[in-house]
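Each remark here refers to the structure printed beneath this line.
We did not get these values from a lab; they are worked out from the coordinates using the rules stated. These numbers come from a predicted model, not from an experiment. All Cβ positions, even for glycine, are placed from backbone atoms using ideal geometry, and neighbour counts span all protein chains on display.
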Amino acid sequence: MDFDSVECVSSNNSIEMDEDEIIHHHHPQFASSKLSHTNSGIVNSTIHPATSVHELLECPVCTNSMYPPIHQCRNGHTLCSTCKTRVQNRCPTCRQELGDIRCLALEKVAESLELPCKYYSLGCPEIFPYYSKLKHEAICNFRPYNCPYAGSECSVMGDIPYLVAHLRDDHKVDMHSGCTFNHRYVKSNPREVENATWMLTVFHCFGQYFCLHFEAFQLGMAPVYMAFLRFMGDEIEAKNYGYSLEVGGYNRKLIWEGTPRSIRDSHRKVRDSHDGLIIQRNMALFFSGGDRKELKLRVTGRIWKEQQNPDGGACIPNLCS
Ligand SMILES: [Zn+2]
Ligand SMILES: [Zn+2]
Ligand SMILES: [Zn+2]
Ligand SMILES: [Zn+2]
């Protein structure tokens, strides 16, 4: 953590906050990035295709289910594409030269099989033929999230409760309850602006988690400070919330109002789109007061729930016939 001190005066006066709203999606099977189940495991446990077909599609080398491209030797022994790259052009079954022969008939069988989404254990009920399944999995709402911690290459993935625990325990991130905040960022040498200078605080309100990022980086030639909020959940849900950030001093202030971005959007992507409160260094030093040798910014903010209209926004209930 590059900031010398962060003083937090989170006020906890969120009347709307309702602890009962906390939705716990607990998935005991789920642990870090080792989530990916082999497809064969999923087939076995859920849809039970005719055993013979399933056995046909089992790679004799690694026993995973085979998907296109499926290879075979000149004697007809099949193997999966992953294993083919490992066996140095020898058929593992008959030791003959392997060559480059595809098994189109078996590929067709594999393509026609309906398979559950690989995130079925996280709650996804969808079942697809092979290629649709791949397309779906890239955008499946149940796919795990990447760790939202920036500034290091953290490869941990998981659902939201898992990542909240991970941020708290492994990254030692500050956790706050409530929908208002009042943070002071202090840095003794404001001349040092590196891309890596940043801070993360997690807020828990409305039964949801939000990541408040504060950081210094170089924008073109000029060093700037930026604060923005990310929602720990999908974009569609992020749109249900709004937030404001304020920074100022000496009768000037900057105010930002926005919609939190989903943590599906990387920290870098949000930063590079400038979707947040951006404070030029000169302004930041002015707000800090004193002799411009220390950066002292007080950032206050609020998170709220946007008014929901169940009829899609066009209809005010009492006025609709
Ligand atoms: Zn294999
Ligand atoms: Zn062979
Ligand atoms: Zn899915
Ligand atoms: Zn992490």
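Pop the C-beta distance of Lys293 and Glu237 into the FRET formula with R0 = 30 Å and round what comes out to the nearest 0.05.
Working: r = 43 Å, r/R0 = 1.44.
Efficiency computed from Cβ-Cβ geometry: 0.10.
Using 0.36 nm times the number of residues separating Asn282 and Ala222, minus their current alpha carbon distance, what extension gain do you get?
Numbers: separation 60, 0.36 × 60 = 21.60 nm, distance 0.98 nm.
Difference between extended and current length: 20.6 nm.
With each label point set 7 Å from Cα along the Cα-Cβ vector, what nm distance links Cys154 and Val186?
Rounded to a tenth, the inter-label distance reads 2.5 nm.
Run down the lysines and flag those whose C-alpha is under 26 Å from the C-alpha of Lys172, throwing out any fewer than 8 positions away in its chain.
Output for Lys172: Lys34, Lys187, Lys269, Lys296.
Mind checking Rg over Rh on the stretch 50-112, alpha carbons, Kirkwood formula for Rh? Could you put the intermediate results ahead of the total?
Details: Rg = 10.7 Å, Rh = 11.5 Å.
So for the stretch 50-112, dividing Rg by the Kirkwood Rh gives 0.94.
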